[in-house]
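Working notes for the structure below.
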Amino acid sequence: MAFSIAVAGKGGVGKTSVSALMIRELLRRGKKPVLAVDADANVNLNEALGVEVDGSVGSIREAMLDEIKTLPPGMSKEAFVQLKIEESLVESEGFDLLVMGRPEGPGCYCYANNILRRYVDALSKSYPFIVIDNEAGMEHLSRRTTQNIDLVLIVSDATPVGLKTAERIWRLARDLKLDIKESALVLNRVNGIPREKIDEMVEGLGIELGAVLPLDQNLIEYSYSGKSLLNLTSDSLATKAVADLVDRYI
Ligand SMILES: Nc1ncnc2c1ncn2[C@@H]1O[C@H](COP(=O)(O)OP(=O)(O)OP(=O)(O)O)[C@@H](O)[C@H]1O
Ligand SMILES: [Mg+2]
């Protein structure tokens, strides 16, 4: 069964970067193939991973509704969906990327969504590791997939307001009764704050501090020039912190 890691947090805190760095570290350790899932409707994990995307699971649902009456003889709905999901996978070295896209069109097509969900879950069984980059918030986790989550990383900046939001997201995940084995707080873009101060800020939150990722000039340079974060060198500050995170939880 796959070990699944979901990355959550409010907008712009570094979810996509942390997802890409986790994938990078898993690949470095030979823990592959990884299934990378971009569950953010504003598709962007592919850029951090340096691959191009031209389809999404969301568009399969539309195709299914359009084409269902004109399927080739002998092709079941299930086979059609499976084929389309396989076609939409972006295959790369050591990982495949699945882009969820927008799941909700006009009206609620719960039946179609459930079929998709089932296939995404089935697909994820072929990978030892899954990393899901979520959009801000937490509700999506329950809608996108039914499977259990082994580790939720809640990314936050190191500010009192940011931490309050992180705690809220964590509580929401608990209230949604998602099946989460472990969760950890990841403080990101931390610059010049002494460790004692960080411990003080985090104390009483109820969520464990998993890692502190420093503000990383290399990462900034890579993302501005559109380079894949998978190629960041191991002496980069953020990659080192993510290596410690993997040591600790995986
Ligand atoms: N440790 C870091 N050091 C320096 N810059 C960082 C670090 N982590 C992320 N960034 C930068 O911060 C910006 C936001 O990061 P990212 O896109 O990963 O956030 P996000 O939470 O996925 O955003 P969104 O909510 O829009 O999806 C990017 O420009 C990224 O390069
Ligand atoms: Mg993002």
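The values are calculated or read from the model by the stated rules, or taken from the named source; none is laboratory data. Owing to the predicted nature of the structure, the values given are computational and were not obtained by experimental measurement. Using ideal geometry, Cβ is built from the backbone for each residue, glycine included, and neighbour counts are taken over all protein chains shown. Just so you know, the surface numbers come from the protein's heavy atoms only, side chains and all, with ligands and any DNA or RNA stripped out. Shrake-Rupley method; radii C 1.70, N 1.55, O 1.52, S 1.80 Å.
When restricted to residues that are more than 16 Å from ligand 2 (Cβ to nearest atom) and open to solvent by 70 Å² or more (accessible area, probe 1.4 Å), region 200-224 contains 6. Of the residues making up region 29-43, those that are in contact (Cβ under 8 Å) with a residue 60 or more places away in the chain, touching a strand residue (DSSP E or B) at 6+ places or on another chain (Cβ under 9 Å) and within 16 Å of ligand 1 (Cβ to nearest atom) are Ala36, Val37, Asp38, Ala39, Asp40. Among the residues of region 64-76, which ones are under 28 Å from the mean Cα position of the chain (by Cα) and either open to solvent by 20 Å² or more (accessible area, probe 1.4 Å) or at positive phi (or both)? Passing the criteria: only Leu65. Looking at Leu185, is it buried (at least 20 other Cβ atoms within 10 Å of the Cβ) and touching a residue at least 12 places away in the same chain (Cβ under 8 Å)? Judged against the criteria, Leu185 is a match. Restricting attention to region 150-168, the residues that are among the acidic types (Asp, Glu), over 10 Å from Lys10 (Cα atoms) and not in a helix (DSSP H, G or I) add up to 1. Of the helices (runs of 4 or more DSSP H) lying entirely inside region 14-94, those carrying at least 3 residues that are more than 16 Å from ligand 2 (Cβ to nearest atom) are 15-28, 57-67, 77-88. How about region 83-112: which of its residues are open to solvent by 30 Å² or more (accessible area, probe 1.4 Å) and at pLDDT below 85? Arg102, Pro103, Glu104, Pro106, Gly107, Cys108, Tyr109, Cys110, Tyr111, listed by residue number.
Taking the criterion of being free of Cβ contacts under 8 Å to residues at least 60 places away in the same chain and closer than 16 Å to Leu35 by Cα, the only residue of region 56-81 that qualifies is Ser56.
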